[in-house]
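Scroll down for the structure; my scribbles are underneath it.
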Amino acid sequence: MPTLTAWSKLTELSLRLALSSFLLSSLAWAADLPPDDCLPRHCGNGVNVSYPFWLDGFQHSHCGFPSFKLTCRADFPVVRIFEDDYHVRNIFYRNQSFLVSNVGLSSSTCYVPRDNLSITATPFSIVPAQSSLFFLLDCEPNSQPPGYVPINCRNGSKGLSFVGRDQVNASACKSVISFPIVGLGDDGLEKYNDALDILKPGFLLRWRAVNCSECLESGGRCRYDAKQSRFSCLCSDRSHAVSCKGLVLMFLLSYLFYVKNFQTVARWSPHVWNLSAHTDSKSL
């Protein structure tokens, strides 16, 4: 029959093996994940793309939200907002904003916005601390407002077109389009050759999405769960709603369970030993 010390050691070894098996199985599951599943990618211009954005053709769709899908075009990532495409010139992950400019600026010699910027029903909003430009299109002769400059490349049989910074009475024009612009400053528009030069700096948009920082800090990976249509934090055991903190708690509870059970078994081992010895002596 084993001694009391041997009994305690055997019990401790069994509990240790059970806990180790649980931890190793979790680590083995994590090791099966591709290490570069959603690493930042770029199109060539240095703008790194990562959650909540994802780069089609370079990253899996679970790396970001569907509305944040980007494609590469002329070394720039491009985002589609309704029927318009915009070059993503920079992404500021810390304050959840990004700088964009319409792709038409690089392909047209006489670009003007065809409509007011529409971002309703999208996860994006216009950063408020920006200037606004007003495009007056197809206006009657002699209708140029003070402070406005002509868009010469557009002037023709349909009428005159102008661009300015202040909203004015535009009853003499067929359409008025308002568009945001960043970094315009307080100078007048006379220094610009045409509307292309005015619009080139682009404008800032802010996005709304679950912040990834808590998931990353807990050792997880930020993902989009297409089945649930929501954010998920991929951890070593499974996906969690926000972070892997629940997994850490599970490991802690497992350890406490091990300690408690070992102490309980160790406390009752002498009684078990004495009972066994007493029974053996009677049988003799």
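The values are calculated or read from the model by the stated rules, or taken from the named source; none is laboratory data. Computed from a predicted structure; not experimentally measured. Here the Cβ is made from the backbone with ideal geometry for all residues, glycine too, and neighbour counts use every protein chain on show.
Run down 203, 162, 179 and say which single residue is surrounded by 15 or more Cβ atoms within 10 Å (Cβ to Cβ), modelled with pLDDT of 95 or more, closer than 26 Å to residue 86 by Cβ and aromatic (Phe, Trp, Tyr).
From the options 203, 162, 179, the qualifying one is 203.
Being in a loop (DSSP other than H, G, I, E, B), of a type in the set (Gly, Ala, Ser) and under 15 Å from residue 207 (Cα atoms) is the requirement here; does residue 118 meet it?
Criteria met by residue 118.
In the range 166-178, is there at least one residue being closer than 26 Å to residue 97 by Cα, out of contact with any Gly (no Cβ under 9 Å at 6 or more places or on another chain) and in contact (Cβ under 8 Å) with a residue 12 or more places away in the chain?
Within the range 166-178 (the criterion being closer than 26 Å to residue 97 by Cα, out of contact with any Gly (no Cβ under 9 Å at 6 or more places or on another chain) and in contact (Cβ under 8 Å) with a residue 12 or more places away in the chain), the answer is yes, since at least one residue qualifies.
Does the range 125-137 contain at least one residue that is part of a strand (DSSP E or B) and either under 25 Å from residue 61 (Cβ atoms) or not assigned by TED's automatic domain parsing to the domain that holds residue 203 (or both)?
Yes, that holds for at least one residue.
Residue 174 versus (1) touching a Leu at 6+ places or on another chain (Cβ under 7 Å); (2) surrounded by 15 or more Cβ atoms within 10 Å (Cβ to Cβ): which is the lone unmet condition?
(2)
If you go through the range 138-158 one residue at a time, do you hit one that is of a type in the set (Ser, Thr, Tyr) and assigned to a strand (DSSP E or B)?
no
Name the residue, out of 230, 208, 223, that is in contact with a strand residue (DSSP E or B) (Cβ under 6 Å, 6 or more places away or on another chain) and modelled with pLDDT of 90 or more.
So the residue among 230, 208, 223 that is in contact with a strand residue (DSSP E or B) (Cβ under 6 Å, 6 or more places away or on another chain) and modelled with pLDDT of 90 or more is 223.
Is it the case that residue 157 is assigned by TED's automatic domain parsing to the domain that holds residue 110 and free of Cβ contacts under 8 Å to residues at least 24 places away in the same chain?
In short, yes.
Testing residue 127 on (1) in contact (Cβ under 8 Å) with a residue 24 or more places away in the chain; (2) loosely packed, with under 14 Cβ neighbours inside 10 Å; (3) closer than 14 Å to residue 205 by Cα, one condition comes back false. Which one is that?
(2)
Could you list all residues from the range 97-122 that are modelled with pLDDT of 95 or more and out of contact with any His (no Cβ under 7 Å at 6 or more places or on another chain)?
Once the filter is applied, which keeps residues that are modelled with pLDDT of 95 or more and out of contact with any His (no Cβ under 7 Å at 6 or more places or on another chain), the range 97-122 yields 97, 98, 99.
Mind checking which residues of the range 76-103 are over 29 Å from residue 213 (Cβ atoms) and touching a residue at least 12 places away in the same chain (Cβ under 8 Å)?
82, 84, 85, 102, 103
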